[in-house]
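The values are calculated or read from the model by the stated rules, or taken from the named source; none is laboratory data. Predicted, not measured: the structure shown is a model, and the values here were computed from it. Using ideal geometry, Cβ is built from the backbone for each residue, glycine included, and neighbour counts are taken over all protein chains shown. The area values use the complete protein model at the heavy-atom level, side chains included, leaving out ligands, DNA and RNA. Shrake-Rupley method; radii C 1.70, N 1.55, O 1.52, S 1.80 Å.
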Amino acid sequence: MEFKKSLLDYIGGALKVAHESVSVAESVTAGCLQFSFSQMKEASLFFKGGITAYTLEEKVKLLNVDDEEARKCDCVSKEVADEMALNVAELFNTDWGISVTGYATPVKESDHKIFAYFSFAYKNEIILSKKLELHKTDPSTAQLYYAEFILGCFKCELNQMIILK
């Protein structure tokens, strides 16, 4: 797994310059985002950690996701992604919380579609929440695409933050 070095360098550099921290809650990407952050130069200065919570039970227990809401949507919704982002930031005491939950393979619960929801929390507020849909592809390609797309969106959010400061 390898993402564009320039993307990782930009994100790491922006977080260091801003003196801000990030944590990640993943499901469908199964650690790809955490791995990416760990590859950034001096990652320990801004990346505090993450959780891969693959099942409903773990999302509820570790990330305080609402059990009833999670059961209604098989843990895949904007609301679940928002809760994951907010709660991972709180758990790790970080400025930013990034989350993703979705499907990498077409299954009955997803109406045989491949999609994910991701959210960014910044200082206890959701600032971005989106659904990402893919055409049929193999699971590992879907996971890597989700992770790289989310990192690209995170770069844009960091860029806006830097411009507005």
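Taking the Cα centre of the range 23-165 as the origin, how large is its charge dipole in debye, to the nearest 20, when only Lys and Arg (+1) and Asp and Glu (-1) carry charge on their Cβ atoms?
The calculation lands at about 420 debye.
Work out which helices of the chain, taken as complete DSSP H runs, extend at least 15 Å along their axis over the Cα atoms and score a mean Kyte-Doolittle of 0.5 or more, then list them.
Once both thresholds are applied, what remains is 5-18, 139-164.
Looking at the chain as a GNM with Cα springs under 10 Å, which of Phe35, Phe46, Phe120 has the largest mean-square fluctuation?
Phe35
With an 8 Å Cα cut-off and a minimum separation of 6 or more residues, compute the relative contact order for the chain in percent.
Result for the chain is 23 percent.
Under a cut-off of 20 Å between alpha-carbon atoms, report the aspartates and glutamates in cross-link reach of Lys48, not counting same-chain residues fewer than 8 places apart.
Reachable aspartates and glutamates: Asp9, Glu20, Glu26, Glu58, Asp82, Glu83, Glu90, Asp95, Glu125, Glu148, Glu157.
Give me the lysines in straight-line cross-link reach of Lys78: C-alpha distance below 20 Å, same-chain residues under 8 apart excluded.
Lys59, Lys61, Lys108, Lys113, Lys123, Lys130, Lys131
How large is the Kirkwood hydrodynamic radius of the range 47-105, in angstrom, based on all distinct alpha carbon pairs?
11.4 Å
Please work out the ratio of the alpha-carbon Rg of the chain to 2.2 N^0.38 Å and round it to two decimals.
0.97
Of the beta bridges DSSP finds with both residues in the chain, what % are antiparallel, to the nearest 5?
60 percent
Determine by what factor the alpha-carbon radius of gyration of the range 68-165 differs from 2.2 N^0.38 Å, reporting the quotient.
That ratio works out to 1.12.
Just the accessible area per residue of the chain, please: how many Å² with a 1.4 Å probe?
Result: 51 Å² of accessible area for each residue.
Relative to the compact globular guide of 2.2 N^0.38 Å, what is the alpha carbon radius of gyration of the range 1-93, as a ratio?
1.15
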